[in-house]
Amino acid sequence: MRKLPVSQDIADRLWQLFTDPCTTYIFCHESLESYVVQEMRRDVDDVLLSIALNDQRPIAVQYAIYQLREREASNHIKEVIPLLRCPAFNSWAVHIGILDSCLKLGVATGDIGHLAEVDNLDLQLAVCEALAK
């Protein structure tokens, strides 16, 4: 769908698919990524921020943050930083995505000392990279 000509009709259908609570894993990722390409009416960065802050599916939150990073939406990334204070969803992928996004976009993470105690190698690598910048 990402390679088709831009169409609001396709965007609307992809949004319908993405927002279905049964859409998970790769289908969630693919439908969101394709939606971002196809959407013409709404501000996609605002939509992605809303997903990152409100969606109950960790995979949706993770990919919304990834899309914000790819779109270089640093002001929106700043708004998801408070999620670093939340416990892990079903993994630390959301936290890692936020830290990686902050690093790539030059956004300050604030105090992340509480994450230094987490026993997860991937998260610790992201924390070290964030603190080293």
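Readers should treat all values here as calculations from the given coordinates under stated rules, not as data from a laboratory. From a predicted model like this one, the values you see are computed outputs, not experimental measurements. So basically every Cβ, Gly included, is an ideal-geometry build from the backbone, and we count neighbours across all protein chains shown.
Here are Asp12, Asp45, Asp111: which of them is under 11 Å from the mean Cα position of the chain (by Cα) and charged (D, E, K, R)?
Numbers: Asp12 fails: under 11 Å from the mean Cα position of the chain (by Cα); Asp111 fails: under 11 Å from the mean Cα position of the chain (by Cα).
Only one candidate passes the filter, namely Asp45.
Do we have Ile98 as farther than 23 Å from Lys3 by Cα and surrounded by 15 or more Cβ atoms within 10 Å (Cβ to Cβ) here? Yes, satisfied.
Within segment 79-133, restricting attention to residues that are charged (D, E, K, R) and touching a residue at least 24 places away in the same chain (Cβ under 8 Å), which residue is farthest from Asp55 (Cα to Cα)? Ranking the candidates gives Lys133 first. Of the numbered criteria (1) surrounded by 15 or more Cβ atoms within 10 Å (Cβ to Cβ); (2) more than 30 Å from Val6 (Cβ to Cβ); (3) of a type in the set (S, T, N, Q), the one Ser91 fails is (1).
Test Gly97 against the criterion of being small (Gly, Ala, Ser) and on the phi > 0 side of the Ramachandran plot, and give yes or no.
Working: small (Gly, Ala, Ser): yes; on the phi > 0 side of the Ramachandran plot: no.
Spelling it out, it is not the case that Gly97 is small (Gly, Ala, Ser) and on the phi > 0 side of the Ramachandran plot.
Just one of the listed residues (Val80, Val107) is within 14 Å of Val61 (Cβ to Cβ) and of a type outside the set (Phe, Trp, Tyr), namely Val80.
For segment 71-119, how many residues are under 21 Å from Thr24 (Cβ atoms) and part of a helix (DSSP H, G or I)? So that I can check it myself, show each step before the final result.
Residues of segment 71-119 under 21 Å from Thr24 (Cβ atoms): 80, 83, 86-98.
Imposing the further condition that a residue be part of a helix (DSSP H, G or I) reduces the set to 80, 83, 93-98.
Matching residues across segment 71-119 total 8.
Residues in segment 8-41 that are loosely packed, with under 14 Cβ neighbours inside 10 Å and in contact with a helix residue (DSSP H, G or I) (Cβ under 8 Å, 6 or more places away or on another chain): 5 in all.
Cβ-Cβ distances below 6 Å connect the following pairs, each with a first residue in segment 35-61 that is in contact (Cβ under 8 Å) with a residue 12 or more places away in the chain, a second residue that is in a helix (DSSP H, G or I) and small (Gly, Ala, Ser), and a separation of six or more residues or different chains: Tyr35/Ala11; Gln38/Ala11; Glu39/Ala11; Leu48/Ala64; Ile51/Ala60; Ile51/Ala64; Ala52/Ala64; Val61/Ala52.
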